[in-house]
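J.: Below are the structure tokens for one structure; questions will follow.
The values are calculated or read from the model by the stated rules, or taken from the named source; none is laboratory data. What you are looking at is a predicted structure, and each value in this text was computed from that prediction instead of being measured. All Cβ positions, glycine included, derive from the backbone under ideal geometry; neighbour counts span all protein chains shown. For accessibility, only protein heavy atoms count, side chains too; no ligands or nucleic acids. Shrake-Rupley method; radii C 1.70, N 1.55, O 1.52, S 1.80 Å.
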Amino acid sequence: MAELRAVVFDFFGTLVDWRSSMLTAAAGTGDRSGRAADWAAVVDDWRRAYPPALERARRQPVWRDLDAVQRETLGDVLTRHGLDLPAVERERLVQAWRRLRPWPDTAPGLERLRTRLVTGTLSNGHVALLVDLLRFGGWRVDAVLSAELAQSYKPDPRVYRSAAQLLGCRPEEVGMGAAHAGDLEAAAEVGLRPLFVRRPEEWGTGVAEQPPDLPGLIVADDLEHLADQLGC
């Protein structure tokens, strides 16, 4: 296999703890608006609405950023739960995706990886959103890459190819790090090296998604474990 020159990472769930962060934001919404709800169910349903919404967005002639998609899916989820939130609170929830806490190993793991490899994001979040998340968390990568740059969304092969091209690498010289099997399967289809990061608390269950069966797959318990395996 080609020696890796760069590693790029999925963001939501892989680098940041979206669920506990959004539960905190949703609880604040409930307190301010005086609305009682099963906020955990609302947050989980909102996240589950994300993949099919992106699939619909890929088929549309004009690309829309993740904020626009999230506003649409939030409205659908609130209706399903019988919740009528003020517009200002809906927008606060959308903007809360810019304030997601990184997993404890994210910053130190990325710093170790940066000693030998170029590091970057490869997220469905648009560039402005990712920049806000990096600044909020106080950690860094070498390149902020987004599906926005390919005017599409993962798992479109163009997203993965564009990341390698923008980094000046062949696809096989780039590792794709993610906690989600589907993301890695799509990346591997275009030649990226699959790097599976276990995140058993992504959904608050203590059970991690199972790694895909892919040639050359590396499985890591966290980013520091990944750095160990990549010699960083």
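J.: Go through Arg32, Arg58 for me and flag whichever is touching a Phe, Trp or Tyr at 6+ places or on another chain (Cβ under 6 Å), open to solvent by 20 Å² or more (accessible area, probe 1.4 Å) and at pLDDT below 95.
T.: Arg58
J.: So which residues in the range 168-205 are open to solvent by less than 40 Å² (accessible area, probe 1.4 Å) and assigned to a loop (DSSP other than H, G, I, E, B), if there are any at all?
T.: Within the range 168-205, Cys169, Ala179, His180, Val190, Gly191, Leu192, Arg199, Glu202 qualify.
J.: A further question on this structure: Tell me which of these Gly216 doesn't satisfy, since it passes every other one: (1) surrounded by 14 or more Cβ atoms within 10 Å (Cβ to Cβ); (2) closer than 22 Å to Pro171 by Cβ.
T.: So Gly216 meets the others, but not (1).
J.: Tell me, please, whether a residue that is open to solvent by 10 Å² or more (accessible area, probe 1.4 Å), of a type in the set (Gly, Ala, Ser) and at pLDDT 95 or above can be found in the range 148-166. It would help to see each step written out before you state the result.
T.: Filtering the range 148-166 for residues open to solvent by 10 Å² or more (accessible area, probe 1.4 Å) gives 148-151, 154-158, 161-162, 165-166.
Within this subset, residues satisfying the condition of being of a type in the set (Gly, Ala, Ser) are 150, 162.
Checking which are at pLDDT 95 or above leaves us with 150, 162.
Yes, that holds for at least one residue.
J.: Now for a different question. Tally up the residues in the range 73-94 that are closer than 30 Å to Trp139 by Cα and free of Cβ contacts under 8 Å to residues at least 24 places away in the same chain, please. Write out each step before concluding.
T.: At the first step, the residues of the range 73-94 found to be closer than 30 Å to Trp139 by Cα are 73-74, 88-94.
With the extra rule that they be free of Cβ contacts under 8 Å to residues at least 24 places away in the same chain, the set shrinks to 88, 90-91.
Going through the range 73-94 one residue at a time, the tally reaches 3.
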